[in-house]
Structures are given as C-alpha cells and as structure tokens.
1. Pick from segment 100-117 the residues that are open to solvent by 10 Å² or more (accessible area, probe 1.4 Å) and of a type in the set (Gly, Ala, Ser): which of them is modelled with the lowest pLDDT?
2. Taking segment 333-357 only, how many residues are over 25 Å from Arg410 (Cβ atoms) and in a helix (DSSP H, G or I)?
3. It is to be established whether one or more residues within segment 358-373 are assigned to a helix (DSSP H, G or I) and in contact (Cβ under 8 Å) with a residue 60 or more places away in the chain.
4. More than 24 Å from Pro106 (Cβ to Cβ), open to solvent by less than 80 Å² (accessible area, probe 1.4 Å), among the acidic types (Asp, Glu) and modelled with pLDDT under 70 - does that describe any residue in segment 75-82?
5. Being assigned to a loop (DSSP other than H, G, I, E, B), at pLDDT below 85 and not small (Gly, Ala, Ser) is true for just one of Arg1587, Arg1564. Which residue is that?
6. Residue under question is Leu717, and the condition is that it be out of contact with any Phe, Trp or Tyr (no Cβ under 7 Å at 6 or more places or on another chain), in a loop (DSSP other than H, G, I, E, B) and at pLDDT 80 or above; does it hold?
7. Return yes or no: is Gln1496 out of contact with any helix residue (DSSP H, G or I) (no Cβ under 9 Å at 6 or more places or on another chain) and surrounded by fewer than 17 Cβ atoms within 10 Å (Cβ to Cβ)?
8. When segment 932-953 is examined, which residues are found to be in a helix (DSSP H, G or I) and open to solvent by 60 Å² or more (accessible area, probe 1.4 Å)?
Amino acid sequence: MEWVLAEALLAQSGDPRVLLGALCRGEASAERVETLRFLLQRLEDAGAGQGALPEAARELAAGYLVPLLHGRPGGHDPGPPRSRRRVLRAAGAALRSCARLAGSPPLAAALAEEALRELRAGRPPGAEAALEILAAVAPCLRPHEDGALLERVAQAAVALALDAEGPGRAEGAAALVTALGKGGGVALTAVWGALASSGNRSEPGRVGPELRLLSALAEKLLPEPGACDAGPDARRCGRFWRTVQAGLGCAEDALTRKRARYLLQRAVEVSAERGVGCTCGPQEGTGPSLFWWSKKKKDELLKFWENYILIMETLEGNQIHVIKPVLPKLNNLFEYAVSEENGCWLFHPSWHLCIYKRMFESENKILTKEGIIHFLELYETVALPFSLEFSEFIIGPLMDALSESSLYSRPTGQLVGSGSPLGLKLQKFLVTYVSLLPEEIKSNFLLKFLQKMRSRHWCAVPILFLSKALANIPRCKALGLEGLLALRDVIQCTMITHHILLRGAAQCFLLQTAMHLVDVEKVSLSDVSSFLISLKQEESLGRGTTLWTELCDWLCVNERSFRPSSICGPDGLPETSLNAYVKNLVQEYITSPAWERESCFMPDWSEARLTALMILLAVDVEGMKIEYSEKRRTQNVLRIFLDPLLDALVKLGTNAYVPLLRTDRSLQLLVKLLHTCMLKGSSPQDDEVSAFLQSSIMSATESISQFVLRRLTMRELQKVADLDRCHLYLMLLTELTNLHLKAGWKRAYSIFRVLSPLKNASMRHLQEMESGKELSLGDQIQKVVSMATLATVCEASTLQPVPELDSLDAEPMDRFLSAFPFNQTLQKPRAEEQGQCAHPMESSSFFEESSSQGWGRVVAQYIHDQWVCLSFLLEKYHTLVPATDGTIPEPLLPAIQMPAQTLRSALDTLSILPSEQVLPVFRCMKVLVPKLLTSAESLCIESFDMAWKIISSLSNTQLTFWPNLKGFVQFVFDNRVLTIAAKIKSQAYFKIKEIMYKIIEMSAIRTGIFNILISYCCQSWIVSDSKRSLFSAKNYSELVLEACIFGTVFRRDQRLIQDVQTFIENLGQDCAANVVMENTKREDYYVRICAVKFLCLLDGSNASHKLFIEDIAMKLLDKDELVSKTRTRYYENSLQHRVKNRIWQTLLVLFPSFDQNFLNGIIDKIFHAGFTNNQASIKYFIEWIIILILHKCPQFLPKFWDCFSYSEEKLKTSICTFLSVLSHLGIIVQNIPDKTPLLKQALLIALQWCLSHNFSVRLYALVALKKVWDVCKALGVEEYNAWTTVIERSLSQAESMQGAGNAKKNWQRIQEHFFFATFHPLEDYCLETIFYILPRLSGVIEEEWIAVGKFANFADIPSNTGSQWYFSRTPLSELSPGDWSQQDIGSNMSEAASQSEWADVQKKIIPWRQEGLDADLGLEFQDRAARLGKSVSRLIVVASLINKPTNLGGLCRTCEVFGAAALVLGSLQCVGDKQFQHLSVSAEQWLPLVEVKPAQLIDYLQLKKTEGYTIIGVEQTARSSDLAQYCFPEKSLLLLGNEREGIPANLIQHLDVCVEIPQQGVIRSLNVHVSGALLIWEYTRQQLLRRADPS
C-alpha cells in the first residue's frame, strides 16, 4: 500500500521537489511525515539522485526534518506520546533517505558531527534530538572515510546507553548502538571496542544495560555458521563472559537474567554448530578459561551446559518443590568440571558459583537456605581442587547470606536444643575447607574471613555459629597480630546483642579460635593481654571454668615462644617470661610515671582489669607446672606479683602524701583482684590462690580502712569527680566487709572497727549542714559522700545477726535516720563552681559533670541513699511499725511511728527518682503497705498504681528491669498484703488482681515476667502455710490456674533465640558462659513447672488443700469448655491446642486428690469433653483420665456405657475416644470381682461399632474387640463360647483385610500404636509421661515437651516426698513418635526424599533459536514481541465479544504461549484489571493487542478478508464443521463469541466457516476460554505438522 501511494503521488506531479515542498507545509502529523518517508524511499529506490534533487534533499533535511526531530516543527503541537513517537520514527527514516539522496559532499557526516556536538553538550532537548539524528544517519556513514567519526559516535552512544542515571537518553542511545552494530563492518567493530573499554563492570546498574546491548547484537557477536558480515567473536572475550556471569548470578531483575541466559545458550549452540575449537582469551592465574569449546568433547560440553542452563531456568521459579529435584544435577556439574586424570578444573568454577549466588539472592528464604546447605555439603560429596574464586565466594556472598538469622531455625521434628542444622553444617564445612587449603593460602583466607566478620553488624545467632565454626578449626599457626586484632574487633561486634548467653558463648568460641589459630611467635604477651581484656569476664572468661584452664594451658605451653615485648625483657630473675611480663606489668601499673600529672578524675578501670587478669592467669599457669609438694612456690609467685601493690596499700594509712593517682590505681587493682579471683563452677574452699590472696589483703586491711576513713570523713572529697572515688572506697569497704565475714569475727583487726567512726562522722557532717546557710559545692559533695557512707554502713550492718526487737530502744544512728528530712535535694552549683569540675568525655566516671543532667544524677543518688538507710531502719523495726500514724506528740522514731507519712514520702520519691534508683523505695513499701492496708487503703492503692506505672515503662534490660520487677512483686504480692486484701475484699483486692492480669499480659511480650510472680507467690504460700490452710492461695487461685496453662506461641525469631539458648545450655561446662552466668530460668515452661510442683506439694488428705485442688480442677474444666466454645475447630499446635493440652496435663497431675464425691460432680464434664472435637494429644489425655476414673470408681461404668447409646450421626468419629477407653477395659475392671457382665457389655458394644459406616470407627472398634476378647480368653470365661466363632471370624477378616488403599496397613499400624500396644494407664502414670513422653509421641510441637529433669532442677519450689513418680520406668519412653493415621504421609515423603536424582524435572519452555531478546530496541512492545526468540504464527484471535476479565486474561496467556499473531479485544482498558493480570501472568507484555470495539467488528472482519484471512467462528450452527475434520489455513482469524449469547447472527453472516468442538457429555457448551484454547492448539498442531512435512 505504501508503494502504491508513493507511485500515485509521483505520477500526479512531475517535479519531486514541488511534491516534497507541498508535504512540508501544514501540520506535521504522523500520516504526513510517513507519506514523506514513503516518497523519499521511492525516490531513493528509483535512483533519482541527479539534478536538483540532492539540493532539495539537503534543504528538506536542514529546514524541516532536523527541526522536526528537535521538537519544533513550526510551532505545532506534537500530540500524544504515542503519536509523537510515530512522527519521530518516520522523520528519522526520511532523514536517512535524504542523506543518501544528497550526494557529495556527504550530508550524513555533517549531520553526525553536529549531532555529536549537541550530544556532548548534554542539554536534554538537544541530546535526545541528537540521538535521533545519529540513529538516522549512522548507517549512511562511510566505513573508511568516516571511520574516526564512527568510533566517536560509538563511544558516545555506548557511554550513554550504559548510564544508569539517565534512563531517558539511555533508551535512545541503546537504539543507536543497535543500529550501528547491525550495520556490521567498521561500525560493529567500533561498537564492540567501545563496549570492551566501557569502564568497570561492577558499578551498580551497569550489568543490565550492557547485557541489553549484547543481546541486541547477539546475531553479529555470536553469528551462526555461514553468516555474512560477522563481527568480532564475543566468545573469545573475557569481559563478555564476566558480564554474562554477573547477569546470571547477581542481577536483580528477571529480564536481565533472561538476557544473560540467552547469550549463554546462543554461544553454546553457535559453538556446537560451528564445530571449531574456541578458547576465551588469556585467563588470570593457572585455571581454565572462562569459556572453551572442543570438537572432541562436544557431547560432554553440551551435556554440561544443558544441565547448567536447566538449573538456571528452574531457579527463576523460586519454587522449592520444583527446584529441589534439580539440585542433584548441580553435583553432576561439579563432577563434569573436575578432571579425573589430574584433578584440575576443566570448567571455570565461577560458573558454578553463579548458581549459588542466584540461590542466595532469592526472595524465597527456603531456597536460600537450601542453596547454602547444598554449598556447605559440597566437600562431603565431591573432591574439589583449590580455587581462589571459591575462597572469595566464601568471604563474600556466602558470608553475606549467612548473616540472615532465620536460616538457622530448627526444622520440624528436630529436638529442641540439638542445634541448628545449618550451624552444624557450617562448622563441618569450615573445618574441612580450611584443612584442605594450602598453607600459603590459609593465613590470608582466615584473616579475610575475620575482617569480613568485623566489617558488618551481625545478629546474635549468626555470629554465634560463625564463632563456633572457627573455634573448631584444627590448630594451626595461621593468624598473626593483624588476625588477633581482627578477632578483638569481632568480639566488639558480639557486644551489640542484648542476648547475654549468646553473647557470652560467642566470646568463648572466639577465645578458643585465638588459642587454636594464632601464631604465638608473631604476637607478644602484651598483644595477648590486650585481646583478653576485650572479653567480658562476667560473661565468658571466668576463673575456674574449663575455658580458663584451657587458656592457662595454652599460655603454659607457649610462654617462651611469644614475640618479645618491650616491657617483658630479661631482668635476671628466675621467673618465666610470663612471670617477668606480669611482674613488670604490676610494677608499671602501680608506679605513676613522672610525666603523668595529677588529675581530679579517676583513672580508667580497664588497666586494673587487665593487670588483675594477667596476675591470676600467671599464678594459675605456675600452678599447672609444679607438683603438689611445691604448692608454696605458687604462693611465692603470687607474693612477688602482689608486693608492689601491698607496699602501696600499707602506706595508705600512714603516708598522707602518696600520689592520688597511685592510690586510685592500687585500690582499683585490689577490687578487680577480689572480683576476678572468685572461682566459677567449683568450690572456693579448694582454691589456695584465692585464700592466699585474701589472706594477703587482710594484712593490709587496717591501713586501707584508715585511709578510707580519712578520705570519707575529713572533707577531702570536694569535687564532682571525687564522687567516683567515693564509689570506689565504698565498693572496697563492702568487699572487705564480706572478706572479714568469711574469715570470722575474731581476726586481729576487723573492718567493723571502722564502721562506727564512719557512721558517727557521716552523721556529724549531715547535721552540720542542716544549719540553713548556703552550701558550697564542696559542702554538698561532702553531704552526698556522707549519705552514701551511711547507706553502705547500713547495708553492712544487715550482714550481722540482730535479734528481733520488741521495744524502741534505738541507737543514735537509728534516731538520726528516722528524723532525717527525706527527699531533701541538693542546691544546683553556682556558675563559677561548675567550671571546677568539667568532665572529659573519655573519662569513665560514675557520675557525669555538673551539668544540669549530671547534677540531676548526683541528686538522684543522694535521695536513693536516703531510702537505702530508711529501708534498713524499717526492716530492723518492722515489728514495731503501727497500723496508723496515731497522735504521738514527739515520736522517738518518726519514720517508724508515722508510717502513712513515710509512705506518702515514698510516693513523692517515686515521682522524681529515675527508674534505676527506685529499688530501696520498693523495699520500704514492702514493710509499710501491710501495716497500712486496712487503715489507709487508698494510699496503698495509689502506691500500687505508681509502682506499676514505673515497671510497665521500663525497658527489658538486665541491670534495671529485673531487679525492680522483683522488688515490685515482693511488696505488692507479699503474703501479708494478699491475706489482708482477701479478708477485707475491698478495692485493694481487686487492684491486686488487676495488676496480676496485667503482669500475665505483659509476659506474652517479655519472657520471664510471670516467672517472677508465680515463683515468689508459691514460695511465700509454702513458707506461710504453717496451719496448712492455704487461705491466701485460695483467694488467688486464678494465678495458679493461669500459671498451669501459661505459654505463648512465639514468633519465629523468638523461637529461634530460645532454641539456640537451649543448645548452648546443653553444652554444659564445655561452654564457659553456662558456668559464669546464672541460669535465670525465664523460659515460659518454668511458670508451669512452678505451678505443677506447688500443686504436687499439696496434701489431698488435708481438707483445706483438697478444697483448693478441687477449685483449681473445676476452673480448669470451665476453661477447657470456654476454649472449645470459642473455636470449635483449631489447628494442631495452635494456641488453643496448647492451652487445652496444658489443662488436661494439670488435671492428670491433680487426679490422685480427687475423691468419689468430687468425681461425681465432674464426670459429666469429662465425658462431654470426650465428645468434643479435639487434637490427638488432647484425646489421649482425656482417654487416660477416663480410664483412671473408671478404674478408681467403677460405679461410673453405667455412665460410660451410656456414651455409646447416641446415634452414629451425632457421635460421628468422637466415639473413637470411648472405644479407645474400652480397649483398656482389662485395667478398668481388674479390681472388680464379677467381671463377666462388664465384659459381655463391652463385647456387644465393640461388635455393634464394628459395623459402622466410618472406616476409622471400625478400626477403633476392632482394636477394642480384640483387646476385650483377649481379656475374656485370659480369664477363661466359658459363657462366651457361643460368641467365639463370630468374634474370631471378625478378627481374622480384619487380619486378612483386602481392599483398595491402605486398609490392611492401617489395621496393622493401629495395633502397633503406642496407646494400644505399650501404654499402661497405671504404670505409666508419672510426670515424665504427662509432660514429655505423651506430647512427644502424639505429635505436639517440641516447645511443649518438658523434660522431667527440668522439674528436678527447678529448686525454687521443693520437690515432694513422692518425687520418685517424676520418672518413667516403662518401655513407653523408648518409643519413637508417630501416629498411625499419619504414617502413610511420612513414608511417602521419605521415599520421595530418597531420590538422589530425578530422571525428569519440570522445565519451562524458553525459545532460544530465533533472534535476540532485544533485536530492535526502538520497536514498540508489540513489535518487539513479534521478534522475540519464538515462532510467531499467522493466527489472529478476536475476543471483542467477551466481557469477563478472567476469560480475557486466560486467552491472552494461551495466545502468547502458542505464538498467535495478535489478540483483538473490545477495550484495552481491561489489561489493567487485576483479575486479567492474575490470569495473564504478564503475557500482555509480549503479545500484540489490538482494540476493536464490538460495533466495529464487521468492518474489521471485511478488512482482514481483503488481506487474505479466513474468518472462522467458534460456534455450533447448522452447517458448522467438526474441529477434528477441519483443516486450518495458515492465515486464520478466529472469532470467539460472548460468554452467554455466543456469536450474534449478524456476525455469523460474515464468517467463512463455523467450527464446533465435538462433545460426548450432557452439558451443551464449554467455557469460552477453554473453547478458544482448544482451537488455538489445534491450529498450532496442524501448522507444526506442515512444517515437519512440507510435502
């Protein structure tokens, strides 16, 4: 048609120039510009380049086309974007024709130069136009004359096309590069050169654009045999393959990965077709080339690449069930890749790593985990030679992937605490891999590994398992000083997590790593000590642990091998190098350097920690080297170390001129020595080092105490920084007090002699400052010091035994403290005083500088110390505190005798004190509230509210939250408070219950809170139950009830942390963190353990205890009924399942205390529970308790028989519960003399239910029949001989059961099931069966299994005298879990998992053989789809009559899959519909879509008829053809009818033929999408047959 139009125009006008001029006038519409293009192309084809036409072409280009491309066509509106794009494409083609018609001088070169200048200028409008011009004229440039220009154009275009920051211009530049490359010759060489030198491929966003260009030029760069004008061979370029690998493994978008796979597939197929050897350029190192081909190994190479591409394609699905069967092929790839002859790599290992990168980058975490595990198992399955790429991959992508905590989760079915499978595989892999590394590579690899660990923030779980893997690497000298420093930095990374046990365990493993891998000849003892000080001794490196012993052994073995240190030179002494180093270290620490000036600030504690640690290590190392008879040598070594310290300490009391820095350091070292020397995990009495150290310090006690007395009482502490020293002195005073208490009161000098003068001087200072005059900063500091001193003295006084007081015969200190004005604050320092004590940022002071915030902390500490003193006073005189304030004119002890006023002051204190300072106030409230609860209830309730407000606002931190929570629980839930509140039943009682439920609610978020409450209450009830009345407990039985059923369903991350903590705890003493840190027992199951142990202590023979037990039981049954009503159906291991499980476990525990009267009241509830729809584990518990009830009280058997009298429809499968009970009839009736009637009744019932329609019911009935019949035969009951034939035949028929499915297998399995084959309701009655064995065997999640050892280890509640019933002694504990109804699934799954490699796997069809994915980047997506790598037919599908988006979306997908030429829709707006997109799965992006409204269909059909199409209707008509007989023409148009009305009659008249689908059923029609799909496939099938057989 275009040529006809051009010929008609030329025929009407003899002069082409006039015609061209006419077309250039008027609006630049798409039709006008396209007509101009047709005309110019016709002139070009006719060879009309003579005369005036060249000049006219130049004028047309310069005056019309170039301005049009610049967007200024005479000021006309360019129209919508789609029309604008059409105009530009036509203008570009017209400009190309003008360049060819212009002749000499060349117009193309001139236009290209000008466009290139505009492109380099970079201004947006000009740059886009320049790209259009260059794309138009570039094919007209001459290869030789314009070669330099071509190179510059190619370089500029490639640079723009790869520019990720300019997507708009990148599109045009990509089109230009494609046009240049497809020109071949010099232009292609220029483009290839520009691509090869286009900068760093690793830049973000670079790979995608580069692969886009390469795939567009694939025909030229990877030409098929015999292709003309072939360009450079991309297969020989290393950069090309690196780009392809980056696209395969690292690209985020699927299209980029698809392009990379296309290039790889094309390269492989081209290599196979050419059959010529090929090697990719020079390769780094000695490994194989990135790509190579050999004619001799064609089959092996094709097999390798076929599997490789299959794996990469399958990974695109992100579906683990599809991917898992393909993974064995990855093992085959490694087998192909390694030579059997010399063990070297045949294929470059980076190809294999691309697969793992792709798996690691997957959005599906299951796939990521599968990929990591597969990689970690590599060295278990294949022997791989060393590859640098593998080492880099481990340190890079693998470690990045390992940082995801969720990958370490425990799979279902694995025991809690057995460790993460991924973590254990990581350990095994790292040990194997490092052991296989060459020695010259090992050090560098481990150093980079550690540097990678310190380069990012790690969560607690990944850093733990990485550290554990490192610790298990066999000993080798791989790390030097740099590696040790890297390990220290990694330890700092572990300090970030708030999971203390995980943090401590990671430190232990990293210390072991240092001992195993550090080359001691490259590090000095100074380096080692700096590393050790980075460990937290209270979390990992505790003295007396196995880790400490291992460290001492390591130092002992290597002490003479360390690199010489500057402070560890020879000095002529007989000590070892370690001893010499420590001796010099102590000497340098104690001796203040002359150049170090005095400072008002305390020295850093880290030096004292380091020195104390090295002293004790050196002493313990010395102890390992000598015999028992030479233990005195250890003491001598310790004395040598301590001499400088003791010398300094002895001088403190007599020499007032000892430098302050020296005294600070000496006392700091003394404190740290006392802290560090304490043994962890063993008896302190066996520690001679600790005993000698304490004895040595005791000798200096008098001097130290006199120094402390002087410093605290003689106004020597005058600055804010001195408060740090006050804290040091008081800390030391406390340590010395504890030391003297251990040594006894009869020592030569007791520290308690200092307490009295300290106390008197402190009171005197405080009294002097109450004169009312304005105090200086020094006076206020002394005031703070005096109050802190009194608080310490009070705490020390509590350590001495004091008889209970019965009168107010108070000491002077008691009277002073009682009358002291509490909550008194301090004056803020004046401006001129604040500058005296500016605090450096680097100082680790206890208090901050006297800024507003820092002074506030000083005031808070001052008030805190006041309440410490008051709590001491209240606890001392607690028996004398009155119930009201009374009217005492001059009370002797006001704070004691006026409790309401004191409690009001406590509330005021809580409103001003920071949360970390409120604990002594809570202690005071604990004494005051029980006294005032009756007389001042509102004040007590206010104290409850205020305290709870503080607790609920605290963060979950070890140092603040937990001590405060304990203090809060101890005063609110004090047994006296609970008892009084329960007696008066007023507002306080309900407030306490309200707080109780709030605590339980908070426990769902913060694990361990409920543990504090229930443990304290149960302990106090046990202690206070002297009359065995349980009065308080009975009024708060809801607390015990909630404890019995407590436990949340944790999130995955919470469950992971708990699993890992259990794993660490199971390591026992092998992990020092378990020994150093006390087990807090904050897991949820300890709440239930506490409640159950408390219930076990109750005596059922005691009336009060019995009433309490029965009340709990009734509430448990009501709770079960409520849960059942809330949700009639619930999932396995859901919260409802777990709660019901815990209810019945507790009822089983309480059962021995149930008598007949109580059972008579609950038997109906229990039978009703048996009819409820329950999970398997709950059914077992209900069946068990019914058996026990019937065994204990046979009079309930009639009620039991009644349970079988309901209709089968009503009972359904719940009758299985009672049939299970019936199977244990032998145990139920064992104490009944006359068993015959009961056995007869049981046989009748079992036989009746053997005829049930339900297969499961029949199975249970058969089991019951068999069990009851066995009892009859064992008893030799002759009355049933007449029944023998019927029963035996029924049972034999079951044994030889024939039929479809697994009937016989299920009969065998149900007989072998633990509940019928092994379980004995009486002999198995113990805590272990209830809480561990039965949940494990019944498929309950592992979190619900409570090992009986945890009951025994929970020492907060004592075990009862019958604790032997804790443990099971029957074969039930040895069985493996499994339910008969679920074993079929398990067998199938295991059978499937045993497949080593699948013969066939799913594979999505991707057409590779046609042109590249982006053969022409400038085309619209419909045109692009037609040039994809797939075969496009001549079939048009018309769906304009279809309305539903689901049908249209499905048709779109079907048309795209079978390569239809186009899909015609009534409206293109339906493409945006979600239902359409859900069915089309992006097919609309690759299929040409045409909009033809139903009213326009007749015209459209007529148009297609003129183009040679046969119009085919899918409809049943009188003359329709059978689809099976119809032969489709190549050019077919398929018209589909409306969903309800089909094809209208007016359209049927325009059809060439109607085709109907043959049917065999009753329904007369198919869904329109299905009908269309059948015809589309039949058309495609016929076309495929024609191509296969052209004849």
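The values are calculated or read from the model by the stated rules, or taken from the named source; none is laboratory data. Predicted model, so just to flag it, every value in this text is computed and none were measured. Here the Cβ positions follow ideal geometry from the backbone for every residue, glycine too, while neighbour counts run over all protein chains shown. Accessible surface areas use protein heavy atoms only, side chains included; no ligands, DNA or RNA. Shrake-Rupley method; radii C 1.70, N 1.55, O 1.52, S 1.80 Å.
1. Out of the qualifying residues, it is Ser104.
2. Of the residues in that region, 12 qualify.
3. To start, the set of residues in segment 358-373 that are assigned to a helix (DSSP H, G or I) comprises 358-360, 365-373.
Adding the requirement that they be in contact (Cβ under 8 Å) with a residue 60 or more places away in the chain leaves 358.
Checked segment 358-373: at least one residue is assigned to a helix (DSSP H, G or I) and in contact (Cβ under 8 Å) with a residue 60 or more places away in the chain.
4. Checked against the condition, which is being more than 24 Å from Pro106 (Cβ to Cβ), open to solvent by less than 80 Å² (accessible area, probe 1.4 Å), among the acidic types (Asp, Glu) and modelled with pLDDT under 70, segment 75-82 yields no hits at all.
5. Every option except Arg1564 fails the conditions.
6. For Leu717, the condition - out of contact with any Phe, Trp or Tyr (no Cβ under 7 Å at 6 or more places or on another chain), in a loop (DSSP other than H, G, I, E, B) and at pLDDT 80 or above - is met.
7. Details: out of contact with any helix residue (DSSP H, G or I) (no Cβ under 9 Å at 6 or more places or on another chain): yes; surrounded by fewer than 17 Cβ atoms within 10 Å (Cβ to Cβ): yes.
Here the answer is yes, as Gln1496 does meet what is asked.
8. Within segment 932-953, Ser938, Glu942, Asp945, Lys949, Ser953 meet the criteria.
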